[in-house]
Amino acid sequence: MDLKTIKVKSQQFKAFGEEEQGFDSILPINLIVGKNNTGKSALIDTINHCITPKDFAVVGRDNKTPLFFVTYPIEDSVINRVFPTHTGGGGISGNHNEYGKKWAGKHITCRVDNEQNHYEKIEKNDLGEEMHTMFNQQLNSTIKNPLRDYIFRRLLADRDITPEPGNDSFQVQPGGKGATAVVQRIYSLASENPSLIEKDLLNALNDIFSPDFQFIRIFPRDLGGGHHEIFLEEEKKGLIGLSSSGSGLKTVLLVLINTVVLPKREKQPLSKYIFAFEELENNLHPGTQRRLFSFLRELAEKEETHFFITTHSSVAIDMFSGDDLAQIIHVTNDGQDGKAEIVQGYSQYGNIIDDLDVRASDLLQSNSIIWVEGPSDRIYINKWIELISGDELKEGRHYQCVFYGGKLLARLQASQSEQKADEEVNILSVNRHSILVMDRDKDDAETPVNDTKQRMMKEVEETTGLSWLTAGREIENYIPQSVISRKYSSKKLADLGQFEKYKDYLEKIEKGLGDNFADNKNVYASEIVDDLTLDDLENVYDLKEKVTEVCNKICDWNNIPHINQ
């Protein structure tokens with residue numbers, strides 16, 4: 001069952017009062033934000049209880065019994081079991097299966113108790129007719145809470161990895177206890193596969209910490225007295241015991257042991273797991289946060305697994321806002337009851353920023369910044385970088401896109417000199433690793449660009465940065481003719497001119513297309529890049545050359561090998 005169709009709610013539980021609170025759907029990434037003591041952990045507890053109710057100590061509120069509900073659509077397989085084919089009678093007119101099909105896709109709510117799931121209710125059908133009583137008991141015995149099939153793994157905000165004695169368990173507690181013993185047993189027992197530690201864990205660890213650190217070994221050592229400790233080795237630095245390392249490294253190791261090591265040892269697909277991680281950003285540099293969150297997103301997308309992440313990190317909010325795989329849940333509390341709401345509008349994002357007291361310093365710590373005129377330019381740039389780099393370079397991990405707005409360019413400067421006009425903003429003060437992309441905005445190649453663009457190009461190129469002035473009139477003139485032809489295959493098309501206004505070009509194809517493009521540039525760009533391939537970039541002015549140059553500059557700033565194109 002697609003978890004997007006499932007609702008999970010609790011009532012009279014911890015921070016939550018009479019009004020049900022929780023999730024209206026479950027996405028691959030579920031980011032939970034809010035101030036301390038508002039109810040973020042209570043949402044995690046709600047998911048925990050609905051997956052493993054026997055293992056969860058239920059704490060009521062005001063001496064009332066807490067209630068937990070899972071709501072989901074009735075699938076065809078359930079209809080076919082409850083309403084048999086070729087059967088009739090019992091006060092039902094016609095075939096029972098045909099009668100039951102009216103409830104296919106309707107939602108049923110299970111109340112999840114400590115011992116079993118209780119049938120609660122079913123929505124009325126479109127005709128307003130309640131299901132015949134004779135089927136209620138059959139339905140109640142047939143349905144089950146779909147979350148019961150999942151394996152739940154959790155990391156608390158208060159966690160640690162310490163030296164431990166050996167034991168017979170392969171369990172890691174939410175606070176980190178057991179992690180050392182798991183590594184020691186997998187590494188040492190002949191019946192286990194040590195490559196889970198020596199290869200899978202080490203590679204994932206380096207993927208997240210590179211380019212800051214590069215580990216060449218990870219293994220447990222016997223400290224004597226039956227205790228073991230995890231050690232790591234860096235080139236030219238020797239062995240370092242984990243007890244002498246920072247808590248950020250321990251956090252990443254705990255995440256990887258839970259998501260990489262244990263599922264492979266248990267021979268279970270990651271799609272069978274639901275992970276809940278609390279405040280992963282603690283003691284992690286913003287750059288490492290980005291790489292860690294990118295790693296989790298990649299797992300969510302490729303392995304179809306699900307994460308619930310509580311956070312105070314502006315890095316996480318920035319990365320996952322607007323992401324189709326993610327939703328952000330804002331938890332607030334009026335002093336009496338907690339409330340969970342999906343963040344959808346600009347004002348709600350503003351409320352999050354206010355709650356978390358976010359500062360505008362995060363861009364300063366990004367590995368590199370690409371300055372573009374607007375959001376649609378970002379869509380094209382990201383897709384081109386994805387194609388040229390073979391999907392190796394990622395926004396949020398290796399670089400960030402920032403909008404400057406075409407007319408605001410005159411208010412920017414990139415000089416290393418501290419002298420500037422009062423109204424000018426130095427992009428190097430935001431981030432010294434900067435790439436500036438500008439539309440030419442001219443009718444031909446001979447007409448020189450304005451003084452502002454010439455100044456910015458000169459200033460950027462005098463630093464370690466890179467400037468890119470489009471070969472055509474604007475960034476849309478880089479859209480390959482092959483892609484345009486596929487999009488408008490039923491139309492008779494002329495070639496897009498190098499300095500032709502893209503809006504005017506679309507108007508010539510069909511009246512109204514140009515205006516629609518101008519009003520919905522982001523939507524148009526998203527549709528165009530969906531059909532874009534690496535082959536389409538061949539022989540499109542200087543596009544491939546410039547994007548390769550951008551990629552390699554980003555590689556330099558991230559200390560990774562160049563892209564070969």
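The values are calculated or read from the model by the stated rules, or taken from the named source; none is laboratory data. Small disclaimer: the values here were computed from a predicted structure and weren't measured. Glycine gets a Cβ as well: all are built from the backbone with ideal geometry, and neighbour counts include every protein chain shown.
So, in region 33-74, of the ones that are among the hydroxyl-bearing types (Ser, Thr, Tyr) and at pLDDT 85 or above, which residue ends up surrounded by the most Cβ atoms within 10 Å (Cβ to Cβ)? Among residues in region 33-74 that are among the hydroxyl-bearing types (Ser, Thr, Tyr) and at pLDDT 85 or above, the one surrounded by the most Cβ atoms within 10 Å (Cβ to Cβ) is THR46.
Among the residues examined, HIS107 does not qualify as in contact (Cβ under 8 Å) with a residue 12 or more places away in the chain and buried (at least 20 other Cβ atoms within 10 Å of the Cβ).
Take GLN327 and decide whether it is in contact with a Leu (Cβ under 6 Å, 6 or more places away or on another chain) and not assigned by TED's automatic domain parsing to the domain that holds VAL183. Here the answer is yes, as GLN327 does meet what is asked.
Kindly indicate whether any position in region 78-87 is at pLDDT below 80 and within 18 Å of ILE26 (Cβ to Cβ). Checking region 78-87: not a single residue is at pLDDT below 80 and within 18 Å of ILE26 (Cβ to Cβ). LEU493 fulfils the conditions (1) closer than 29 Å to ASP324 by Cβ; (2) in contact with a helix residue (DSSP H, G or I) (Cβ under 7 Å, 6 or more places away or on another chain); (3) aliphatic (A, V, I, L, M) except for a single criterion, (1).
Remark: pairs (first residue in region 524-538, within 12 Å of TYR380 (Cβ to Cβ); second residue among the aliphatic types (A, V, I, L, M) and outside any helix (DSSP H, G or I); Cβ separation under 7 Å; 6+ apart in sequence or on different chains) = ILE528/ILE479.
Are any of the residues in region 493-511 touching a residue at least 40 places away in the same chain (Cβ under 8 Å) and in the same structural domain as SER434 (by TED's automatic domain parsing)?
Within region 493-511 (the criterion being touching a residue at least 40 places away in the same chain (Cβ under 8 Å) and in the same structural domain as SER434 (by TED's automatic domain parsing)), the answer is yes, since at least one residue qualifies.
Scan region 297-322 for residues that are surrounded by fewer than 17 Cβ atoms within 10 Å (Cβ to Cβ) and modelled with pLDDT of 80 or more and jot them down.
Taking region 297-322 and keeping what is surrounded by fewer than 17 Cβ atoms within 10 Å (Cβ to Cβ), we get 298, 301-304, 321-322.
Passing the criteria: GLU298, GLU301, LYS302, GLU303, GLU304.
Can you confirm whether LEU256 is at pLDDT 95 or above and touching a Leu at 6+ places or on another chain (Cβ under 7 Å)? Here the answer is yes, as LEU256 does meet what is asked.
Checked against the criterion of being at positive phi and touching a residue at least 24 places away in the same chain (Cβ under 8 Å), region 239-257 has no qualifying residue. For region 258-269, does any single residue satisfy the condition of being among the hydrophobic types (A, V, I, L, M, F, W, C), in the same structural domain as PRO163 (by TED's automatic domain parsing) and over 30 Å from the mean Cα position of the chain (by Cα)? Within region 258-269, not a single residue is among the hydrophobic types (A, V, I, L, M, F, W, C), in the same structural domain as PRO163 (by TED's automatic domain parsing) and over 30 Å from the mean Cα position of the chain (by Cα). Residues of region 161-196 that are more than 22 Å from LYS272 (Cβ to Cβ), in contact (Cβ under 8 Å) with a residue 40 or more places away in the chain and surrounded by 15 or more Cβ atoms within 10 Å (Cβ to Cβ): ILE161, PRO163, GLU164, GLY166, GLY176, THR180, ALA181, VAL183, GLN184.
Just one of the listed residues (ASP542, ASP530, ASP515) is within 32 Å of the chain's Cα centre (by Cα) and modelled with pLDDT of 90 or more, namely ASP530.
Within region 83-101, the set of residues being part of a loop (DSSP other than H, G, I, E, B) and exposed (fewer than 13 other Cβ atoms within 10 Å of the Cβ) comprises THR85, HIS86, THR87, GLY90, GLY91, SER93, GLY94. Exactly one residue out of LEU543, LEU534, LEU466 is within 26 Å of GLU392 (Cβ to Cβ), assigned by TED's automatic domain parsing to the domain that holds ARG440, loosely packed, with under 14 Cβ neighbours inside 10 Å and of a type in the set (A, V, I, L, M, F, W, C), and it is LEU534.
The residue that is surrounded by the fewest Cβ atoms within 10 Å (Cβ to Cβ), among those in region 258-274 that are among the hydroxyl-bearing types (Ser, Thr, Tyr) and assigned to a helix (DSSP H, G or I), is SER271. Note on region 1-32: residues that are aromatic (Phe, Trp, Tyr) and either modelled with pLDDT of 95 or more or surrounded by fewer than 20 Cβ atoms within 10 Å (Cβ to Cβ) (or both) amount to 1. Of the set (1) over 25 Å from THR52 (Cα atoms); (2) loosely packed, with under 15 Cβ neighbours inside 10 Å, all apply to SER245 but (2). Consider region 348-406 and keep the residues that are within 26 Å of TYR524 (Cβ to Cβ) and of a type in the set (Ser, Thr, Tyr). The one that is modelled with the lowest pLDDT is TYR349. Could you list, in sequence order, the residues of region 479-517 that are among the small types (Gly, Ala, Ser) and surrounded by 14 or more Cβ atoms within 10 Å (Cβ to Cβ)? Within region 479-517, SER482, GLY497, GLY514 meet the criteria.
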